[in-house]
Amino acid sequence: MPRRLANLALLAAITTLLASGIVAWLLPDTAAGILYVAHRVAGVALILALVWKYAIARRSLRRRGVGGSGVWIGILTAGLTIAAAGLGVAWTVGLVSFDRPLGYSALNLHVIAGLALAVVVVAHALVRGESRPALVTLTSRRAALRAIGLLAASLAVTVALDRLGLARRSTGSRHAGSFTGNAFPVTIWSLDSVPTVDVETWRLHIRTPSAPPTDLSYADLAALPRHEASVVLDCTGGWWSEQVWSGFSLIDVLARSGLGETATRVEVISVTGHRWTFDRSEVEQALLATHVGGEPLSAGHGYPLRFVAPTLRGFLWIKWVGEVVVA
C-alpha cells in the first residue's frame with residue numbers, strides 16, 4: 001500500500017474513533033448504537049492498517065535513523081496507538097475490566113491514551129505531513145479495492161471479537177451488580193473529591209433570569225410527591241448497574257418554584273462545581289434522587305441529592321446537586 005494511502009487510512013480510523021467515542025457519550029443509548037458499532041469497527045481497522053504502516057515505518061527508520069523530532073513524534077504516536085488499541089482489544093475479549101488488573105478502570109486508561117493520541121497525531125501531521133502523491137492519484141480502482149478490503153476485514157474481525165468477548169452492553173460496559181442499594185462502584189467525574197454536606201444547612205438553589213431565586217431545604221423537597229424508578233446507571237468507566245432510585249421529579253421541583261411550564265433548558269450544578277445543561281426533553285423523566293434501593297444515598301453516591309437521568313451516561317448524573325438554573 002502506498003505510504004500516503006496507509007497514513008490516510010490510519011488518520012480516518014483515528015478520527016472516527018475520536019468522534020464516535022466522544023459523541024456517543026453525549027447521546028442517549030437509543031441514539032448512540034450505530035456510533036458504538038462504528039467505534040469498534042474503526043478500532044479494528046486501525047490495528048489492521050498498522051500492519052501496512054509497520055512496513056513503511058521500518059523502511060523509514062533504516063533510511064533515516066532515529067534522529068530528528070519528527071521520528072520521535074512518530075515513535076510516541078506508535079506507542080500511544082498500541083496502548084489505546086491494545087487496551088480496547090483486551091477490554092473486548094475480557095482480559096481487563098473496570099476492576100482488574102488495577103483498581104483504576106482499564107477503559108479509562110484506553111480513553112486517556114486515545115485522547116493523548118489525538119493530540120500527538122495533530123503534531124505528527126504538522127511535522128511529517130505530506131502532499132505527494134496527490135490525492136487524485138489515490139482514487140484508483142486498486143486503492144478502492146484496498147479500502148473495501150480493509151473495511152470488510154474490519155467488520156469480520158469485529159464480529160469475531162464480539163463473539164469471543166465477555167457479556168457487556170452496547171456501550172462496552174460490564175455488569176457491576178444490580179439492586180444492591182449503595183453497594184455498587186463509586187466513581188467521580190472531573191477529579192472531584194467527596195464533599196461533606198450538612199443537610200440541615202444545605203439548600204437547593206433554583207435560579208432563573210426572569211424571576212426571583214428560590215431556595216428549597218431538604219424538608220421542602222420532602223413535601224413533594226415521591227417517585228421511584230428502576231434505572232440503569234451506565235458509567236463511562238466501563239460498568240453498569242440497575243438500581244431502584246427514589247426521590248423527586250425535577251419537573252415537580254421546578255413547578256414548586258413556578259418554573260415547571262416555562263423551562264426549556266435546565267443546568268444542574270453540583271456543590272463541587274460539576275455541571276451540565278440539558279434540554280427539557282432530557283429531564284422530563286429525570287429524578288432528583290435521595291435514596292437508592294431503599295437506602296439514603298451514601299456520600300460517595302451523591303448524598304443528599306443526585307440527578308438521575310434515564311438513558312444518559314453516568315457522567316451526566318450530577319452528584320451532590322446544589323443548584324438548578326433554568327432558561
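The values are calculated or read from the model by the stated rules, or taken from the named source; none is laboratory data. Since the model is a prediction, treat every value here as computed from it, not as a measurement. Positions of Cβ are generated from backbone atoms using ideal geometry, with glycine treated the same way; all protein chains shown enter the neighbour counts. These area figures cover heavy atoms from the full protein model, side chains too; ligands, DNA and RNA do not enter into them. Shrake-Rupley method; radii C 1.70, N 1.55, O 1.52, S 1.80 Å.
Before moving on, here are some points about what is shown:
- Each residue of region 271-277 was assigned a 3J(HN,Hα) from its phi angle through the Karplus expression (A = 6.51, B = -1.76, C = 1.60, θ = phi - 60°), giving 5, 7, x, 5, 8, 7, 9 Hz with x at Gly and Pro.
- Packing-based ranking, highest mean first, of 252-259, 99-106, 178-185 given that Cβ atoms within 10 Å are counted: 252-259, 178-185, 99-106
- Mean projected area (nm²) of the alpha-carbon convex hull when region 173-230 is viewed from all directions: 7.2 nm²
- Expected 222 nm ellipticity per residue - DSSP helices of 4 or more, -39500 (n - 2.57), all of the chain, to 500: -15500 deg cm²/dmol
- Selection from Val308, Gln285, Thr15 lying farthest towards where the dipole of the chain points positive, charges on Cβ: Thr15
- Packing-based order for 272-279, 158-165, 37-44, using average beta carbon neighbours within 10 Å, highest first: 37-44, 272-279, 158-165
- Helix 69-93 axis, angle to the chain major axis (alpha carbon atoms, nearest 10°): 60 degrees
- Annotation: amide H of Gly322 within the under-5 Å range of Ile269, Ser270, Val271, sequence separation 5 or more or interchain, hydrogens built in the peptide plane.
- Taken over the alpha carbons of region 248-298 as equal point scatterers, the Debye sum produces base-10 log I(q)/I(0) values at 0.23, 0.25, 0.28 Å⁻¹ of -0.95, -1.04, -1.13.
- Helix axis angle, 3-26 relative to the chain longest principal axis, alpha carbon, degrees: 10 degrees
- Checking (1) 20.9; (2) 22.3; (3) 24.6 against the coordinates, the calculated Kirkwood radius over Cα pairs in Å falls under label (2).
- Taking one quarter of the surface of the convex hull spanned by the alpha-carbon atoms of region 145-281 gives a direction-averaged projected area of 13.1 nm².
- Apportionment of accessible area to carbon and sulfur, the chain, percent (1.4 Å): 64 percent
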